[in-house]
Amino acid sequence: MSKSNNSRERRQLIEQMQRSQARADRRRTITVVLVSLIVGLAIIAYPAIRLVQDSRAKDAPAAELGVGSQEASCDPVVEDKTEGNLDHKPDGTPLIFAVSPPSSGPHYQTPAPFERKFYTAEDRPTMGNLVHNLEHGYTILWYRESVASDKAKIDTVEQIAKTYSSADLSGKFVAAPYKSGDGGPAWPAGKDFALSHWGGGEPAAQKGYRQFCGDISGAAVKEFTDLYPSTNSPEPNAG
């Protein structure tokens, strides 16, 4: 084979390799652009989706969310003796509560934010803050940390919480996890959700109210909050 033929074949091979490399580069560029577009759209769309979900949650009656009250396997409401009315402790003071979850007790100076309706284990205020909310008339829906990985149930908990408007004092409701480090007596077996409320009146006549449920039920939550409204509390007019 002549030297010119060898040279031509090498050129053809190099040109073929260059074309293949160019095609690969174009494919990579297109892939990067498409992935960037998808990620960008997701970043833009996520807040909009959350806004729509929150709006739907607020428009949906709580009683239509989760299982029915009968299917939730809720225990009868427990009435507790109360303590801690106006007993404000400095932030960070160790607090011990007689019942679990608490339905009254000493608490920190500042309640959890009124506008927040749902908390995870990562952003939940301290128990001392949340008990102050109870004194102001809140009902708290507690869920065990062990069910936090069940996205469907936790999404339902969040939706229920957001049906309670923060626009006025009647919407005093918050949902939060009960952490393993919170202490207190053990919950009844098979009960992953609990409601607690601090009833009002003179300190000697006040009562705490708790109810444990095996599953999440907006109907059961609504029945509880209807029975123990925010107006029935030591400080019903406090934000």
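The values are calculated or read from the model by the stated rules, or taken from the named source; none is laboratory data. Being a predicted model, the structure only gives us computed values, none of them experimental. Neighbour counts run over all protein chains shown; Cβ positions are idealised from the backbone, glycine included.
So Ala204 ticks every box in (1) under 13 Å from the mean Cα position of the chain (by Cα); (2) free of Cβ contacts under 8 Å to residues at least 24 places away in the same chain but one. Which box is left unticked?
Condition not satisfied by Ala204: (1).
For Glu145, state whether it is acidic (Asp, Glu), in contact (Cβ under 8 Å) with a residue 12 or more places away in the chain and under 19 Å from Phe224 (Cβ atoms). It would help to see each step written out before you state the result.
Numbers: acidic (Asp, Glu): yes; in contact (Cβ under 8 Å) with a residue 12 or more places away in the chain: yes; under 19 Å from Phe224 (Cβ atoms): no.
No.
Within the stretch 133-163, can you find the residues that are closer than 26 Å to Pro236 by Cβ and not in a helix (DSSP H, G or I)?
His136, Gly137, Tyr138, Thr139, Ile140, Leu141, Trp142, Tyr143, Lys162, Thr163
I'd like to check something: does the stretch 110-132 contain any residue that is of a type outside the set (A, V, I, L, M), crowded, with 20+ Cβ neighbours inside 10 Å and in a helix (DSSP H, G or I)?
yes
Can you tell me which residue is surrounded by the fewest Cβ atoms within 10 Å (Cβ to Cβ) among those in the stretch 86-109 that are of a type outside the set (Phe, Trp, Tyr) and within 25 Å of Tyr164 (Cα to Cα)? Before the answer, list the steps.
Narrowing the stretch 86-109 to residues of a type outside the set (Phe, Trp, Tyr): 86-96, 98-107, 109.
Now drop any that are not within 25 Å of Tyr164 (Cα to Cα), which leaves 100-105, 107, 109.
Values: Ser100: 17, Pro101: 24, Pro102: 30, Ser103: 28, Ser104: 28, Gly105: 25, His107: 27, Gln109: 11.
Only one residue fits best here, namely Gln109.
Out of the strands (runs of 3 or more DSSP E) lying entirely within the stretch 166-239, which hold 1 or more residues that are β-branched (Val, Ile, Thr), touching a strand residue (DSSP E or B) at 6+ places or on another chain (Cβ under 7 Å) and at pLDDT 95 or above? Walk me through how you get there before you give the answer.
Numbers: elements: 173-178, 193-198, 207-213.
Once the strands (runs of 3 or more DSSP E) in the stretch 166-239 are filtered for at least 1 residues that are β-branched (Val, Ile, Thr), touching a strand residue (DSSP E or B) at 6+ places or on another chain (Cβ under 7 Å) and at pLDDT 95 or above, what remains is 173-178.
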